[in-house]
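Computed from the coordinates by the stated procedures, all read-outs in this text should not be read as laboratory data. As the structure is a computational prediction, the values presented were derived from the model and not from experiment. Using ideal geometry, Cβ is built from the backbone for each residue, glycine included, and neighbour counts are taken over all protein chains shown.
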Amino acid sequence: MSGNEALQSAKGQNSNWFWPDVKTFEGARLAARYGFWVAVAGVAITGLYATIALLRRSPFFNITPLAYFDMILLAVIAWRVYKFSQPWSVIALIFYIFEKAAMAIKFGKPPSVLVVFFVFMYFQGVRGCFGMAELIRISKSKESDISVDTQTKRCPQCAEIIKLAALKCRFCNYEFNPGEVEEAVGRRRAEIKSHATM
Ligand SMILES: [Zn+2]
């Protein structure tokens with residue numbers, strides 16, 4: 001193990017739980033799970049308060065039974081953020097800030113420490129979902145490069161099998177038209193991609 005590798009594995013083990021490194025799959029998953037769990041907590045709290053309000057027939061901590069709609073939205077958010085949905089992670093954050101800002105203005109109360117904590121967790125959810133999408137995009141483009149690398153063509157001059165991306169035959173030095181090679185590689189890459197997504 002080289003010094004660099006040792007440093008990287010040490011970093012992986014001591015991954016930052018407070019501010020997960022979303023450039024790694026583990027970190028992105030952890031950050032997205034923060035967003036998921038805070039939405040689950042939202043479902044539980046909203047559901048509980050709305051039920052209490054329903055039973056006592058008056059608002060409970062300013063929450064009415066109408067909050068069941070919020071609860072349903074929060075459940076959808078939790079499920080979508082669990083699946084690393086980028087737009088839903090943003091909707092979750094905006095929805096929460098909007099709701100708390102409206103509450104603060106309506107009742108003239110500054111946001112509590114818990115609200116700041118929830119905003120932080122929803123923000124981690126955004127980081128996680130966007131980090132995961134970026135990681136998947138990178139790994140997909142790498143995959144298609146590897147696949148294209150295994151693609152071959154037959155040299156029209158010496159009939160040997162050579163790499164599709166080769167500009168020059170390694171057996172007879174036959175030279176290919178760079179534009180045509182690029183086009184052939186691009187076409188094959190698109191074929192591989194369409195197969196991969198099927
Ligand atoms: Zn050749």
(request) Please compute the Cα-Cα pair-distance distribution of the range 150-197 with 10 Å bins starting at 0, giving whole percents from short to long. (result) 27, 49, 19, 4
(request) With the convex hull built on the Cα atoms of the range 100-175, state its orientation-averaged projected area in nm². (result) 8.1
(request) Pairs of Cα atoms under 8 Å, at least six residues apart: use those to get the relative contact order of the chain, whole percent. (result) 20
(request) About the Cα centre of the range 150-197, how large is the charge dipole given +1 on each Lys and Arg Cβ and -1 on each Asp and Glu Cβ? Please answer in debye to the nearest 20. (result) 180
(request) State to the nearest 20 debye the size of the charge dipole of the chain about its Cα centre, where the only charges are +1 on K and R beta carbons and -1 on D and E beta carbons. (result) 540
(request) Please identify, among A50, A28, A165, the residue showing maximal mean-square fluctuation in a Gaussian network model of the chain using a 10 angstrom Cα cutoff. (result) A165
(request) For the range 31-71, state which chymotrypsin sites (Phe, Trp or Tyr not before Pro) are in a DSSP loop and have at most 12 other beta carbons lying within 10 Å of their beta carbon. (result) F61
(request) Please compute P(r) over all alpha-carbon pairs of the range 36-115, binned at 5 Å starting from zero, and give each bin as a whole-number percent. (result) 3, 16, 22, 24, 20, 10, 4, 1
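So what is the orientation-averaged projected area of the chain, using the convex hull of its C-alpha atoms, in nm²?
So the mean shadow area of the Cα hull is 17.7 nm².
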